[in-house]
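To start, the structure under review is shown below, and the notes come after it.
The values are calculated or read from the model by the stated rules, or taken from the named source; none is laboratory data. This structure is a prediction, so every number in the text was calculated from the model and none was measured. Please note: Cβ atoms are built from the backbone with ideal geometry, for glycine as well, and neighbour counts cover all protein chains shown.
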Amino acid sequence: MNFEFSEEQNLLREQAQGFLKDNSPPAAARRVLDSGADYDEGLWQKIVDMGWTATVIPEEYGGLGLSYLELCVIAEELGRAVAPVPFSSSVYLATEAILMAGTDAQKEEWLPKLAAGDVIGTLAMSEGAGRPTARSLECEVKDGKLSGTKIPVPDAGIASVAVVLAKSGKRASLYLVELDQGSKTAFKPVNTLDPTRGHGQIRFKNAKAELLGKAGKGMDLLDALLDRAAVLFAWEQVGGAQAALEQAKEYAMGRYAFGRPIASYQAIKHKLANMYVKNTLARSNCYYGAWALNTDADELPLAAATARVSAIQAYYFASKENIQTHGGMGYTWEFDCQFYYRRSKLLSVAIGSEAMWQDRLIDAYEEHAA
Amino acid sequence: MDFKDTAEEAAFRKEVRAWLKANRPKKKELEGLGGIEQAKLWQKRKYDAGWACITWPKEYGGRGASPIENVIWNQEESRYDLPQGVFSIGQGMAAPTLMMWASDEDKARFLPKLASGEEIWCQLFSEPAGGSDLAALRTRAVKDGDEWVINGQKIWTSGAHYSDYGILVLRTDPSVPKHKGLTYFWIDMRAPGMEIKPIRQISGDSNFNEVYFTDVRVSDSQRLGAEGQGWQVALTTLMNERASIGAGGGSVGVDSIYKLAKEVEIDGKPAIRDPAVRAKLADWYCQESGLKYTSWRTLSALSRGETPGPENSIGKLVGAPKAQDMASFAIDLQEMAGAIRDPKLSEAAAMYQETYMAIPGLRIAGGTDEIMANIIAERVLGLPQDVRVDKGIPFSEVPTGS
């Protein structure tokens with residue numbers, strides 16, 4: 001029985017933490033927020049140079065061939081740093097989809113480029129309010145041509161390739177679509193709750209689309225992909241929740257009211273203790289998720305949903321109560337509390353909401369119990 | 001990271017399973033015995049075969065097993081519905097305190113009988129004026145030659161009426177600040193001058209007692225730690241209390257409520273198909289799973305010979321309110337029939353109703369939710385203590401409400 005990361009993985013964590021402290025301070029997110037840029041290009045290039053985009057890609061495709069535990073470590077640190085980069089889109093979603101469902105030729109074409117950061121990938125799933133289903137999809141592929149609109153698509157303005165969920169006949173499939181097809185893939189930026197992560201709308205008009213995985217199996221493939229991504233998103237969320245708790249604690253220790261630090265009042269203590277409790281439960285569930293992802297365990301759907309639901313709740317709670325602990329200053333543009341508040345909500349709907357994952361959790365529980 | 005048993009652990013588990021299967025008491029053996037006799041029978045059988053208190057050193061009746069082996073033992077033992085419970089205070093709290101503070105002679109005298117279940121211990125800490133603020137306790141011990149004379153009252157003493165011995169903290173010097181005037185002793189629960197009165201709880205049961213002391217005499221040799229060192233010794237007990245008082249709630253959990261939600265209907269469909277029911281169950285599953293893997297992380301640190309982090313301090317704070325909410329929810333699922341508290345008529349032999357009535361006590365016992373949150377805030381997060389108006393003041397001059 002061993003539930004800890006290895007010494008090497010903890011070294012990687014230290015290295016990642018140090019790197020992001022220097023290269024992805026809150027000022028980096030602020031620059032992206034103020035400038036309206038899609039991402040911090042310099043930071044992204046450095047992350048690519050460190051090989052993080054290549055982490056789990058097999059060596060034969062130009063990757064490092066490391067395990068998912070290494071990727072979980074990196075995810076947590078990126079979450080802690082609220083890094084303004086397209087890592088989740090390109091690595092947890094596009095790379096994972098191709099690793100999972102791609103043909104040898106598709107892997108050969110895309111994985112080396114994704115590993116080397118030559119291209120950024122993303123997943124185009126949403127078509128507006130509500131959960132997409134095979135029935136609800138308007139995006140449709142006929143004779144290898146995709147038409148319809150996806151909104152919002154994370155990193156749509158900088159991605160070169162998207163994994164697109166679309167209808168083919170009555171059923172849904174996944175497609176690989178290059179995003180440089182001119183007016184056939186028209187992009188428009190979309191303002192979101194968290195402008196430190198660029199999002200956009202893509203209108204496809206007879207765009208060339210290549211099937212990814214089996215035809216008609218789009219919803220199953222998407223489910224499997226989201227199970228894998230959920231663990232990685234959850235680690236990002238736990239990292240962010242921990243950072244919000246630390247920020248709240250630091251402020252409460254230094255802020256005096258009625259002659260003493262506000263951290264000595266039980267109302268504040270209990271608030272921070274609650275953050276700690278939620279973060280600890282979420283983190284422990286993430287350990288389970290990391291193990292399940294790394295070993296491709298049968299429990300992955302259950303472990304992923306558990307990690308995801310508890311991480312959504314922990315990050316939301318920590319980010320809102322962090323602002324509350326700061327009082328009025330926490331609500332100002334100048335303070336950094338906003339980054340966690342924005343990111344927590346963005347991540348909580350990024351790959352299906354809390355309600356969807358609660359439902360999936362019970363589905364998985366029922367399957368597991370049966 | 002590997003959540004599976006190692007080869008040694010798997011071999012140990014196999015050994016445990018085989019022994020439990022062959023030796024667990026059969027229904028016939030337990031027939032006609034009271035709860036305590038049943039528990040004593042099972043405990044003695046484990047002791048005789050070397051399976052009692054397995055992490056204790058062999059010389060005290062244990063097995064010298066590792067914390068991981070203990071987890072495996074507990075997992076396997078809990079697969080059966082076996083009579084136990086009355087030993088948890090003695091084995092979980094008194095014993096670790098004795099191991100650290102008692103003389104070798106007392107250790108040899110008491111620990112094996114604690115392990116074998118032949119002697120039951122209780123804990124006499126709380127008082128009417130000292131609960132969350134335990135160090136405000138007032139029961140006096142005055143030295144008289146080689147003896148101490150005790151007068152006062154303890155309260156919330158679980159199992160005082162069937163215990164053989166107790167551990168207790170007493171005020172030996174009221175002229176110094178409260179933490180400094182305490183001394184720790186063990187006591188024979190049949191000592192003259194002690195009177196035990198059961199307390200009737202809101203559940204109707206009586207698990208706790210008031211214990212009155214009138215000129216009760218204990219020998220100075222029953223002292224654990226130095227005179228005035230009682231608070232420090234008590235901390236040993238309290239650290240272990242948090243480990244041994246579980247979250248409670250027994251079998252009320254996602255598994256039981258899932259079964260119930262499959263049986264009862266909402267609008268003509270099984271309740272489990274209702275999104276609101278699913279969402280609640282999912283949240284509770286996350287808490288159960290989070291607690292489980294938090295404790296596994298703690299064990300993982302133990303098995304590597306490291307001191308575990310503070311993560312495990314959240315168990316009772318999360319578990320007790322969760323059990324309360326789940327019992328309440330399970331009652332709601334049954335609509336009006338949920339109000340019936342009768343093992344013959346209620347779902348699951350009235351487990352939800354019993355838990356509903358029992359849990360308010362567990363949210364208070366061994367540190368209230370609020371005290372647990374303070375502990376996390378102060379000891380884990382390192383936040384400053386609240387202002388304490390009794391700090392540095394002789395105990396006899398501290399303001400009181402009575």
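How many of the residues in the range B:179-194 are outside any helix (DSSP H, G or I), under 19 Å from B:Gly130 (Cβ atoms) and not hydrophobic (A, V, I, L, M, F, W, C)?
Counting residues in the range B:179-194 that are outside any helix (DSSP H, G or I), under 19 Å from B:Gly130 (Cβ atoms) and not hydrophobic (A, V, I, L, M, F, W, C) gives 2.
Filter the range B:76-118 down to residues that are among the charged types (D, E, K, R) and not in a helix (DSSP H, G or I) and give me whichever is farthest from the other protein chains (Cβ to nearest Cβ). Quick ask: steps written out before the conclusion?
At the first step, the residues of the range B:76-118 found to be among the charged types (D, E, K, R) are B:76-77, B:79, B:81, B:104-107, B:109, B:113, B:118.
With the extra rule that they be not in a helix (DSSP H, G or I), the set shrinks to B:79, B:81, B:118.
Numbers: B:Arg79: 17, B:Asp81: 20, B:Glu118: 33 Å.
For the range B:76-118, the residue satisfying everything is B:Glu118.
Can we say A:Tyr331 is within 17 Å of A:Arg255 (Cα to Cα) and outside the structural domain of A:Ala129 (by TED's automatic domain parsing)? Before you say what the answer is, go through the steps one by one.
Values: within 17 Å of A:Arg255 (Cα to Cα): yes; outside the structural domain of A:Ala129 (by TED's automatic domain parsing): yes.
When the stated conditions are applied, A:Tyr331 passes them.
When you scan the range B:127-164, how many residues do you find that are aliphatic (A, V, I, L, M) and farther than 17 Å from B:Gly228 by Cα?
Residues that pass the stated criteria total 3.
Read through the list (1) over 17 Å from the mean Cα position of the chain (by Cα); (2) without any contact (Cβ under 8 Å) to a residue 40 or more places away in the chain, then give the number of the only condition that A:Thr55 fails.
Single failed check for A:Thr55: (1).
Quick check on this structure: which one of A:Ala241, A:Ala229 is in contact with a strand residue (DSSP E or B) (Cβ under 9 Å, 6 or more places away or on another chain) and not charged (D, E, K, R)?
A:Ala229
From the list B:Lys322, B:Lys316, exactly one residue is in contact (Cβ under 8 Å) with a residue 40 or more places away in the chain and either closer than 30 Å to B:Asp267 by Cα or surrounded by fewer than 18 Cβ atoms within 10 Å (Cβ to Cβ) (or both). Which is it?
On the way: B:Lys316 fails: either closer than 30 Å to B:Asp267 by Cα or surrounded by fewer than 18 Cβ atoms within 10 Å (Cβ to Cβ) (or both).
Criteria check complete, one pass: B:Lys322.
Just the residues that are among the hydroxyl-bearing types (Ser, Thr, Tyr) and within 16 Å of B:Asp133 (Cα to Cα), please, taken from the range B:356-402.
Keep residues of the range B:356-402 that are among the hydroxyl-bearing types (Ser, Thr, Tyr), which gives B:356, B:368, B:396, B:400, B:402.
Correct list: B:Thr368, B:Ser396, B:Thr400, B:Ser402.
Of the residues A:Ala355, A:Ala305, which is within 9 Å of another protein chain (Cβ to nearest Cβ), surrounded by fewer than 23 Cβ atoms within 10 Å (Cβ to Cβ) and part of a helix (DSSP H, G or I)?
A:Ala355
Consider A:Trp235 carefully, then state whether it is in a helix (DSSP H, G or I), touching a strand residue (DSSP E or B) at 6+ places or on another chain (Cβ under 8 Å) and among the aromatic types (Phe, Trp, Tyr).
Numbers: in a helix (DSSP H, G or I): yes; touching a strand residue (DSSP E or B) at 6+ places or on another chain (Cβ under 8 Å): no; among the aromatic types (Phe, Trp, Tyr): yes.
The answer is no for A:Trp235.
List the pairs whose first member sits in the range B:110-127 and is of a type in the set (Asp, Glu), whose second member is in a strand (DSSP E or B) and crowded, with 23+ Cβ neighbours inside 10 Å, and whose Cβ atoms are under 8 Å apart, counting only residues at least 6 apart or on separate chains?
Pairs found: B:Glu127/B:Lys154.
Mind listing just one residue for me: the one in the range B:235-253 that is at pLDDT 85 or above and in a loop (DSSP other than H, G, I, E, B) and, of those, farthest from B:Thr157 (Cα to Cα)?
Filtering the range B:235-253 for residues that are at pLDDT 85 or above and in a loop (DSSP other than H, G, I, E, B), the one farthest from B:Thr157 (Cα to Cα) comes out as B:Gly253.
Take the range B:379-389 and flag every residue that is aliphatic (A, V, I, L, M) and either in a helix (DSSP H, G or I) or at the interface with another protein chain (Cβ under 9 Å from one of its Cβ atoms) (or both).
B:Val380, B:Leu381, B:Leu383, B:Val387
What number goes with the only condition from (1) of a type in the set (Asp, Glu); (2) crowded, with 24+ Cβ neighbours inside 10 Å; (3) assigned by TED's automatic domain parsing to the domain that holds A:Ala304 that A:Asp155 does not pass?
If we test A:Asp155 against (1) of a type in the set (Asp, Glu); (2) crowded, with 24+ Cβ neighbours inside 10 Å; (3) assigned by TED's automatic domain parsing to the domain that holds A:Ala304, just (3) comes out false.
Residues of the range A:238-247 being within 10 Å of chain B (Cβ to nearest Cβ) and either buried (at least 20 other Cβ atoms within 10 Å of the Cβ) or not in a helix (DSSP H, G or I) (or both), which ones?
Correct list: A:Leu245 only.
Just one of A:Leu78, A:Leu33 is away from chain B (no Cβ under 14 Å), outside any strand (DSSP E or B), touching an Asp or Glu at 6+ places or on another chain (Cβ under 9 Å) and buried (at least 21 other Cβ atoms within 10 Å of the Cβ); which is it? Working first, answer last.
On the way: A:Leu33 fails: buried (at least 21 other Cβ atoms within 10 Å of the Cβ).
Among A:Leu78, A:Leu33, only A:Leu78 is away from chain B (no Cβ under 14 Å), outside any strand (DSSP E or B), touching an Asp or Glu at 6+ places or on another chain (Cβ under 9 Å) and buried (at least 21 other Cβ atoms within 10 Å of the Cβ).
Looking at B:Tyr293 and the list (1) at pLDDT 95 or above; (2) within 9 Å of chain A (Cβ to nearest Cβ), which single condition is not satisfied?
Unmet for B:Tyr293, out of (1) at pLDDT 95 or above; (2) within 9 Å of chain A (Cβ to nearest Cβ): (1).
Take the conditions small (Gly, Ala, Ser), buried (at least 24 other Cβ atoms within 10 Å of the Cβ), within 8 Å of another protein chain (Cβ to nearest Cβ) and over 18 Å from the mean Cα position of the chain (by Cα) and apply them to A:Ser284. Does it pass?
Against the criterion (small (Gly, Ala, Ser), buried (at least 24 other Cβ atoms within 10 Å of the Cβ), within 8 Å of another protein chain (Cβ to nearest Cβ) and over 18 Å from the mean Cα position of the chain (by Cα)), A:Ser284 qualifies.
Is there any pair linking a residue in the range B:36-60 that is of a type in the set (Asp, Glu) to one that is part of a helix (DSSP H, G or I), with Cβ under 8 Å and at least six apart or on different chains, and which?
Within 8 Å, the pairs are B:Asp48/B:Ser116; B:Glu59/B:Ala108.
In the range A:308-337, how many are at positive phi and within 14 Å of chain B (Cβ to nearest Cβ)?
0
Considering only the range B:203-234, state which residues are at pLDDT below 95, surrounded by fewer than 16 Cβ atoms within 10 Å (Cβ to Cβ) and not polar (S, T, N, Q).
B:Gly204, B:Asp205
Could you grab the pairs with beta carbons closer than 6 Å, sequence gap of 6+ or different chains, first residue in the range A:1-28 and under 22 Å from A:Asn285 (Cβ atoms), second one assigned to a helix (DSSP H, G or I) and of a type in the set (A, V, I, L, M, F, W, C)?
Close Cβ pairs (under 6 Å, with a partner that is assigned to a helix (DSSP H, G or I) and of a type in the set (A, V, I, L, M, F, W, C)) amount to A:Met1/B:Ile68; A:Phe3/B:Trp296; A:Gln9/A:Leu69; A:Gln9/A:Val73; A:Leu12/A:Val73; A:Arg13/A:Val73; A:Ala16/A:Ile74.
Could you check the range B:152-172 and list, in sequence order, the residues that are outside any strand (DSSP E or B) and either out of contact with any strand residue (DSSP E or B) (no Cβ under 8 Å at 6 or more places or on another chain) or within 30 Å of B:Gln324 (Cα to Cα) (or both)?
Answer for the range B:152-172, where residues must be outside any strand (DSSP E or B) and either out of contact with any strand residue (DSSP E or B) (no Cβ under 8 Å at 6 or more places or on another chain) or within 30 Å of B:Gln324 (Cα to Cα) (or both): B:Trp156, B:Thr157, B:Ser158, B:Gly159, B:Ala160, B:His161, B:Tyr162, B:Ser163.
What pairs come up if the first residue lies in the range A:167-193 and is assigned to a strand (DSSP E or B), the second is at pLDDT below 95, and their beta carbons are under 7 Å apart, counting only those six or more places apart or on different chains?
Between residues of the range A:167-193 that are assigned to a strand (DSSP E or B) and residues that are at pLDDT below 95, the close pairs are A:Lys167/A:Ala134; A:Arg171/A:Ala134; A:Ala172/A:Ala134.
Considering only the range A:302-318, I want to know if a residue exists there that is out of contact with any Asp or Glu (no Cβ under 9 Å at 6 or more places or on another chain) and without any contact (Cβ under 8 Å) to a residue 24 or more places away in the chain.
no
Any residue in the range A:251-260 that is within 16 Å of A:Gly330 (Cβ to Cβ), at the interface with chain B (Cβ under 8 Å from one of its Cβ atoms) and crowded, with 20+ Cβ neighbours inside 10 Å?
Among the residues of the range A:251-260, at least one is within 16 Å of A:Gly330 (Cβ to Cβ), at the interface with chain B (Cβ under 8 Å from one of its Cβ atoms) and crowded, with 20+ Cβ neighbours inside 10 Å, which makes the answer yes.
A:Ala297 fails exactly one of the following numbered conditions: (1) more than 30 Å from A:Tyr256 (Cβ to Cβ); (2) in a helix (DSSP H, G or I); (3) out of contact with any Pro (no Cβ under 8 Å at 6 or more places or on another chain). What is the number of that condition?
With respect to (1) more than 30 Å from A:Tyr256 (Cβ to Cβ); (2) in a helix (DSSP H, G or I); (3) out of contact with any Pro (no Cβ under 8 Å at 6 or more places or on another chain), A:Ala297 is out only on (2).
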